[in-house]
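Below: one structure, written as structure tokens.
Each value in this text was obtained by applying a stated rule to the coordinates, not by laboratory testing. The structure displayed is predicted, hence computed values, not measured ones. Cβ coordinates were reconstructed from backbone atoms using ideal geometry, including for glycine residues, and neighbour counts include every protein chain displayed.
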Amino acid sequence: MTIPRHASRFLFSCFVLACLASTPALAAIPIQHWTQPSGAKVYFVASPSIPMLDVRLEFDAGARREPADKAGLASATASMASMGLQSVNGEPALDENQLSEAWADLGASFGAGAGVDRISFSLRSLTYPDLLGKSVELAARQIGEPAFPSDIWQRERNRWSASIREANTRPATVAGHAYFKAVYGSHPYGFEMTEESLQRISVQDMRQMYGLIQPCRAKVSIVGAVTRAQADALVTKLLSRLPAASRCEPLPPIAEVSALTAPQTQNIPFQSAQAHVLIGQPGYKRSDPDHFAIMVGNYTLGAGSFVSLLTQEVREKRGLSYSVSSRFSPGLHAGAFTIGLQTRPDQASQALQVARDVLTRFVAEGPTAEQLKAAKDNLIGGFPLLIDSNGKLLDNVASIAWNELPLDYLDTWIEKVQRVSATDIQAAFTRKIQPQRMVTVTVGAALPR
């Protein structure tokens, strides 16, 4: 079988990328930033070692912008943006198969996705002159001229509904729905896509949601083998087919997540070999200055796998769980702090109590000197793995762009981790976590009556 010329180039470049992954990770990462006349904010890192380009375009159009009765609208809008292009200015319409084939012919990829805060578009292409221009042109069409075909949405809606029905037979899904609804209350972070909400979403709703995608609201992150001038030109091209607004109107503010005022407990019966337990509450916004103290402290509490306190106390010493961990999910609003574990139904009550005790003690006392050193050593030792490829570096640059972090954030990351003290961690956890006001959800647990 003969490999197409573009595909063979792509495969060779991927091989080269793997070979060059040893590029010094601790060297300074100069992020260039500017704002285009349209208002688009650009963040660029030149990476000339391989002929590859990665681009991320992000817009404030995530789930937090959905109507409460149409949960899933942002995800549907992002997904349907890849299902075909309109015919504009004499260019032929493309259905989903033709669009997929066009990207395959270029040896490039383009996709869209939605989270709670944003809709994102991602482009990856080789930078050979005969390929990059065509990739950018096709991406510009996909961003600016999605077709949103109604027959394809009917098919996708049926497929998503079937997936929801199947997921709702799993205890983990049942636990998650109940937990996030309790933690977030009426805030959009707690909206859950259902069969009913999908039935309310129309193509017109998607077109209206897509109206939030405007050049003046774009945050564009670029990592690759282009110059600043080339990066600026390709951003202009990528956004060129979106309707130009005479004025960029500010989007309405979204209310913050309300703090819990009292503990909440839900015990949901479910026939399952494992009980699922979730404990938590609203945590903190990504812009919070406590971020580094929380990150280092949570490594000790429950994010550090087998070296974490929760794993040691719940699993290793007592054998009460198959897995246990803690995590924070900061966003533009206070994302949830969550302790999650799975255990035998008859052990759920004891495992829950041990996890609560570990959390209460950690909030009151913080880490020991030995625990703090171990957390820092592990985090700092793993830092190069966070930026050892163009794709990973793009993820970090996009986070800097979206959260408006300092441009030297990656250069100072290790220093900021090193500066965190046990006192900083204890104070930060005291400010953010109230163990006496937690949501607790158990599904399939054999709890005492």
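For this structure, a couple of remarks:
- Enclosing the Cα atoms of the stretch 159-221 in their convex hull gives a volume equal to 152 cubic angstrom per residue.
- Angle of helix 422-432 to the longest C-alpha principal axis of the chain, folded into 0 to 90 degrees and rounded to 10: 80°.
- Residues whose amide H lies under 5 Å from that of Gln264, counting only those 5 or more places away or on a different chain, are Met438, Val439, Thr440; hydrogens are built 1.01 Å from N in the peptide plane.
- Candidates Gly107, Gly211, Gly331: whichever shows maximal mean-square fluctuation once the chain is modelled as a Gaussian network with Cα springs under 10 Å: Gly211
- Contact order, relative form, for the chain: 21 percent (alpha carbon pairs under 8 Å, 6 or more residues apart, mean separation divided by residue count).
- GluC sites (Glu not before Pro) lying in DSSP loop within the stretch 123-193, provided at most 10 other Cβ fall within 10 Å: none
- Helix axis angle, 96-106 relative to the chain longest principal axis, alpha carbon, degrees: 80 degrees
- One decimal place: the segment Gln434-Glu91 gains 117.6 nm when fully extended, by the rule 0.36 nm per residue minus the C-alpha distance.
- The gain in end-to-end length when the Trp34 to Ala273 segment is fully stretched comes to 80.6 nm, 0.36 nm per residue minus the alpha carbon separation.
- Among Pro345, Pro37, Pro215, the residue with the largest mean-square fluctuation in a Gaussian network model of the chain, with springs joining Cα atoms closer than 10 Å, is Pro37.
- Value of Rg/Rh across the chain [Cα atoms, Kirkwood radius]: 0.99
- Computed label-point distance, nm, for sites Glu365 and Thr194 using a 7 Å Cα→Cβ extension: 4.4 nm
- When the helices of the chain are scored as -39500 (n - 2.57) per DSSP H run of n ≥ 4 and the total is divided over every residue, the value at 222 nm lands at -12500 deg cm²/dmol.
- All-pairs alpha carbon distance profile, the stretch 130-239, 10 Å steps from 0, percent: 11, 27, 26, 24, 11, 0
- Between the stretch 134-205 and the stretch 63-133, the alpha-carbon centres lie 15 Å apart.
- Across the stretch 404-416, rounded Karplus estimates of 3J(HN,Hα) from the backbone phi angles (6.51 cos²θ - 1.76 cosθ + 1.60, θ = phi - 60°) give 6, 7, x, 5, 8, 3, 5, 5, 9, 4, 4, 4, 5 Hz, Gly and Pro being marked x.
- Using the Cα coordinates of the stretch 29-131, the gyration tensor eigenvalues translate into equivalent-ellipsoid semi-axes of 26, 23, 13 Å, sorted from longest to shortest.
- Whole-Å distance, taken between Cα centres, linking the stretch 231-290 and the stretch 399-449: 16 Å
- Förster radius 25 Å - calculated FRET efficiency between Arg327 and Leu251, Cβ distance, rounded to 0.05: 0.30
- DSSP-loop chymotrypsin sites (Phe, Trp or Tyr not before Pro) across the stretch 268-310, with at most 13 other Cβ within 10 angstrom: none
- The stretch 134-149 residues near the modelled Gln208 label - backbone nitrogen below 18 Å, point 7 Å along Cα→Cβ: 148-149
- Working note: Karplus 6.51/-1.76/1.60 with θ = phi - 60° gives the stretch 374-379 the couplings 4, 5, 5, 4, 5, 5 Hz, where Gly and Pro are set to x.
- If you wrap the Cα atoms of the stretch 264-443 in a convex hull and average its projected area over all directions, you get 10.9 nm².
- Once both labels are positioned 7 Å from their Cα atoms along Cα-to-Cβ, the gap between Ala167 and Ile380 label points is 4.0 nm.
- Choice from Ala334, Ala233, Ala112 showing the highest fluctuation, given a GNM over the chain with Cα pairs closer than 10 Å: Ala233
- The stretch 264-443 - percent relative contact order, Cα under 8 Å, separation 6 or more: 37 percent
- Above-threshold pairs, the threshold being 27 Å between Cα atoms, out of Lys285/Lys392; Lys373/Lys432; Lys70/Lys432; Lys41/Lys285: Lys70/Lys432
- For the stretch 352-443, applying the loop criterion from DSSP together with a ceiling of 16 other beta carbons within 10 Å to the GluC sites (Glu not before Pro) yields Glu404.
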